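The values are calculated or read from the model by the stated rules, or taken from the named source; none is laboratory data. Source: prediction; values computed, not measured. Quick reminder, even Gly has a Cβ in these numbers, built from the backbone with ideal geometry, and neighbours come from all protein chains shown. Side chains are part of the model used for accessible areas, which takes the heavy atoms of the whole protein and leaves out ligands, DNA and RNA. Shrake-Rupley method; radii C 1.70, N 1.55, O 1.52, S 1.80 Å.
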Amino acid sequence: QVQLVESGGGLVQAGGSLRLSCAASRRTFSYAMGWFRQAPGKEREFVAAISWWSGYSTYYADSVKGRFTISRDNAKNTVYLQMNSLKPEDTAVYYCAAHHSGNYYLRGSYDYWGQGTQVTVSS
């Protein structure tokens, strides 16, 4: 069992930046990790993922590519999502998740989820 706790959300103006953190209750060095988000009235969607093996391959949704960066610090059991050039359409609850198997882009590939952190981008 892995417990995940997100932090770092908040209110920011368009063009601003935030860094989200996801702290795990135990070692997650053997898990790929992902970030998803869910806006009101919409489905939860993939944002970014990072592999667990050395070299840490990263994967991004087209909507955030070039603006968001996912990273991890296995010594701290923490995954980060650096979000730059934020837009109002990035407003959502952001969730981190531990990958089990399968396509990184799919919700069903993840076993454990955090409770989420709210990100609101004002125009």
*Does the stretch 87-123 hold any residues that are under 14 Å from TRP52 (Cβ atoms) and open to solvent by 70 Å² or more (accessible area, probe 1.4 Å), and which are they?*
HIS100, ASP111
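For the stretch 18-40: of the residues being surrounded by 18 or more Cβ atoms within 10 Å (Cβ to Cβ) and part of a loop (DSSP other than H, G, I, E, B), which is modelled with the highest pLDDT? Reasoning before the result, please.
Within the stretch 18-40, the subset surrounded by 18 or more Cβ atoms within 10 Å (Cβ to Cβ) is 18, 20, 22, 24, 28, 31-37.
With part of a loop (DSSP other than H, G, I, E, B) added as a condition, the list becomes 28, 31-32.
On the way: THR28: 69, TYR31: 88, ALA32: 93.
Looking at the filtered set, the residue picked out is ALA32.
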*Considering only the stretch 100-116, state which residues are under 16 Å from GLU45 (Cβ atoms) and not in a loop (DSSP other than H, G, I, E, B).*
ARG107, GLY108, SER109, TYR110, TRP113
_Residues satisfying the stated conditions in the stretch 41-57, i.e. under 14 Å from the mean Cα position of the chain (by Cα) and not in a strand (DSSP E or B)_ = ARG44, SER51
*Could you tell me which of the residues TYR80, TYR56 is at pLDDT 95 or above and closer than 21 Å to TYR110 by Cβ?*
TYR80
*If you go through the stretch 41-53 one residue at a time, how many are modelled with pLDDT of 95 or more and aromatic (Phe, Trp, Tyr)?*
1
*On the given criteria, is ARG72 basic (Lys, Arg) and surrounded by 17 or more Cβ atoms within 10 Å (Cβ to Cβ)?*
yes
*Using beta carbons and a limit of 6 Å, which pairs, at least six apart or on different chains, have the first residue in the stretch 90-108 and farther than 15 Å from MET33 by Cβ and among the hydrophobic types (A, V, I, L, M, F, W, C) and the second one open to solvent by less than 60 Å² (accessible area, probe 1.4 Å) and part of a loop (DSSP other than H, G, I, E, B)?*
ALA92/ALA39; VAL93/GLY116
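Pick from SER63, SER71: which is modelled with pLDDT of 95 or more, among the polar types (S, T, N, Q) and over 12 Å from the mean Cα position of the chain (by Cα)?
Numbers: SER71 fails: over 12 Å from the mean Cα position of the chain (by Cα).
Step by step, each of SER63, SER71 is checked, and only SER63 is modelled with pLDDT of 95 or more, among the polar types (S, T, N, Q) and over 12 Å from the mean Cα position of the chain (by Cα).
Of all residues in the stretch 1-31, how many are free of Cβ contacts under 8 Å to residues at least 24 places away in the same chain and within 14 Å of the chain's Cα centre (by Cα)? Reasoning before the result, please.
Just the residues of the stretch 1-31 that are free of Cβ contacts under 8 Å to residues at least 24 places away in the same chain, to begin with: 30.
From the residues that got through so far, the ones that are within 14 Å of the chain's Cα centre (by Cα) too are none.
So the count comes out to 0.
Quickly run through the stretch 58-88 and pick out the residues that are part of a helix (DSSP H, G or I) and either without any contact (Cβ under 8 Å) to a residue 12 or more places away in the chain or among the polar types (S, T, N, Q) (or both).
ASN74, ALA75
Kindly check whether there is at least one residue in the stretch 45-53 that is touching a residue at least 60 places away in the same chain (Cβ under 8 Å), open to solvent by less than 60 Å² (accessible area, probe 1.4 Å) and in contact with a Phe, Trp or Tyr (Cβ under 7 Å, 6 or more places away or on another chain). Lay out the reasoning, then the answer.
The initial filter retains those residues of the stretch 45-53 that are touching a residue at least 60 places away in the same chain (Cβ under 8 Å), namely 46.
Subsequent filtering for residues that are open to solvent by less than 60 Å² (accessible area, probe 1.4 Å) retains 46.
Restricting the remaining residues to those that are in contact with a Phe, Trp or Tyr (Cβ under 7 Å, 6 or more places away or on another chain) gives 46.
Looking for residues that are touching a residue at least 60 places away in the same chain (Cβ under 8 Å), open to solvent by less than 60 Å² (accessible area, probe 1.4 Å) and in contact with a Phe, Trp or Tyr (Cβ under 7 Å, 6 or more places away or on another chain), one finds at least one in the stretch 45-53, hence yes.
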